[in-house]
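These notes concern the structure reproduced below.
The values are calculated or read from the model by the stated rules, or taken from the named source; none is laboratory data. Since the model is a prediction, treat every value here as computed from it, not as a measurement. Because the Cβ atoms are built from the backbone with ideal geometry, glycine has one as well, and the counts that use them run over all protein chains shown. What goes into the accessible areas is simple: the full protein's heavy atoms, side chains included, and nothing from ligands, DNA or RNA. Shrake-Rupley method; radii C 1.70, N 1.55, O 1.52, S 1.80 Å.
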Amino acid sequence: MDNPYRDSKWLGDYGELVARSFLLDSGYRILRTNWRPNHGGEIDIVCRFLDTLVFCEVKTRTSREFGGGLRAVNAQKRQLIRKGGKEWLRMMRDKPEYRYDVIDIYYCPGQVPEVNHYRNAFFEHERSSSARLPFKV
């Protein structure tokens, strides 16, 4: 493509790099990136913050037109991430506290990317639409 900013692979890779840098700067320890277990599921970033295991989904956007990255993590995507999380936990002897986060990156060429980190963006089981919103850092 002529314009690398419109290539979705480049944009996704860039967003994950920004997210990893953000997490490291925030005191997280990265354990694995782009984890795709054999039994299904997917997780962009597996990391730890203190004693909590964190499964992160990263969404990078060049426009705010369609509601941002958090909105893009639909029920089907959440199910894939949960499946990946279960597979990760299955490999562990001791089961730590864990949560599912979403990192939403807004990229505009020539500007510092905007990072929104939503802790506890979704839960192990779906809740009703009246459930509390995730905590934005």
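Is one or more of the residues making up the stretch 59-67 under 15 Å from Asp101 (Cα atoms) and either assigned to a strand (DSSP E or B) or hydroxyl-bearing (Ser, Thr, Tyr) (or both)?
Applying the first criterion (under 15 Å from Asp101 (Cα atoms)) to the stretch 59-67 yields 59-60.
Among the residues that remain, those that are also either assigned to a strand (DSSP E or B) or hydroxyl-bearing (Ser, Thr, Tyr) (or both) are: 59-60.
Looking through the stretch 59-67, at least one residue is under 15 Å from Asp101 (Cα atoms) and either assigned to a strand (DSSP E or B) or hydroxyl-bearing (Ser, Thr, Tyr) (or both).
Name the residues in the stretch 50-66 that are in contact (Cβ under 8 Å) with a residue 12 or more places away in the chain, out of contact with any Gly (no Cβ under 7 Å at 6 or more places or on another chain) and polar (S, T, N, Q), would you?
Hits for the stretch 50-66 are Thr52, Thr62.
Let me confirm something: among Glu97, Glu124, Glu114, which residue is within 29 Å of Glu65 (Cβ to Cβ) and open to solvent by 30 Å² or more (accessible area, probe 1.4 Å)?
On the way: Glu97 fails: within 29 Å of Glu65 (Cβ to Cβ); Glu124 fails: within 29 Å of Glu65 (Cβ to Cβ).
It is Glu114.
Restricting attention to the stretch 40-71, report how many residues are under 14 Å from His117 (Cα atoms), at pLDDT below 95 and among the hydrophobic types (A, V, I, L, M, F, W, C).
So the answer is 1.
Any residue in the stretch 84-104 that is more than 14 Å from Ile45 (Cα to Cα) sitting within a Cβ distance under 8 Å of a residue that is assigned to a helix (DSSP H, G or I)? List the pairs, counting only those 6 or more apart or interchain.
Lys95/Leu89
Among residues belonging to the stretch 38-67 that are within 16 Å of the chain's Cα centre (by Cα) and of a type in the set (Phe, Trp, Tyr), point out the one that is most open to solvent (accessible area, probe 1.4 Å).
That would be Phe49.
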